[in-house]
1. Give A30, A66 a once-over and let me know the one that is open to solvent by less than 90 Å² (accessible area, probe 1.4 Å), at pLDDT 85 or above and farther than 20 Å from I96 by Cβ.
2. Need pairs with beta-carbon distance below 8 Å; first residue surrounded by 12 or more Cβ atoms within 10 Å (Cβ to Cβ) and assigned to a helix (DSSP H, G or I) and within segment 45-56, second among the aromatic types (F, W, Y) and at pLDDT 85 or above; sequence gap 6+ or separate chains.
Amino acid sequence: MFIRVRRNGFCEFLACADPFTVIVAFGELAYPPVRNAEQADMMPADKRKSYSALTGLSFSGTELIARASIIIGAYLAPTMMSVYMGILLMAGTAFIYTGLYGKKQKDKRALVTKEA
């Protein structure tokens, strides 16, 4: 990406940037409000504050894990770091799976016990 500066100091960023960079920049500006609105629509109205607090905590938690991983990586061998990353990956996958499908399975079990 090339940025020219005129004599008066005005930067011609959009004139010099490639089209993909401009599209990505607009996408980054449009994503957070849409995401927050959709997320708020999925939350129960009486629990929005709790859900919003946990969402903020999840971002802080991921930052903490990422920074701790850098420190741990300084002491572990590369193969052990691969095992550590694999454990984190499996735990994340398990959390996502139970978050998406765990309640549906509980509801199915409840229906089966009520019918029986």
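1. It is A30.
2. Once the first residue is surrounded by 12 or more Cβ atoms within 10 Å (Cβ to Cβ) and assigned to a helix (DSSP H, G or I) and sits in segment 45-56, no partner that is among the aromatic types (F, W, Y) and at pLDDT 85 or above comes close enough.
The values are calculated or read from the model by the stated rules, or taken from the named source; none is laboratory data. Note that the structure is predicted; figures quoted are calculated from it, not measured. Please note: Cβ atoms are built from the backbone with ideal geometry, for glycine as well, and neighbour counts cover all protein chains shown. SASA here: full protein model, heavy atoms, side chains in, ligands and nucleic acids out. Shrake-Rupley method; radii C 1.70, N 1.55, O 1.52, S 1.80 Å.
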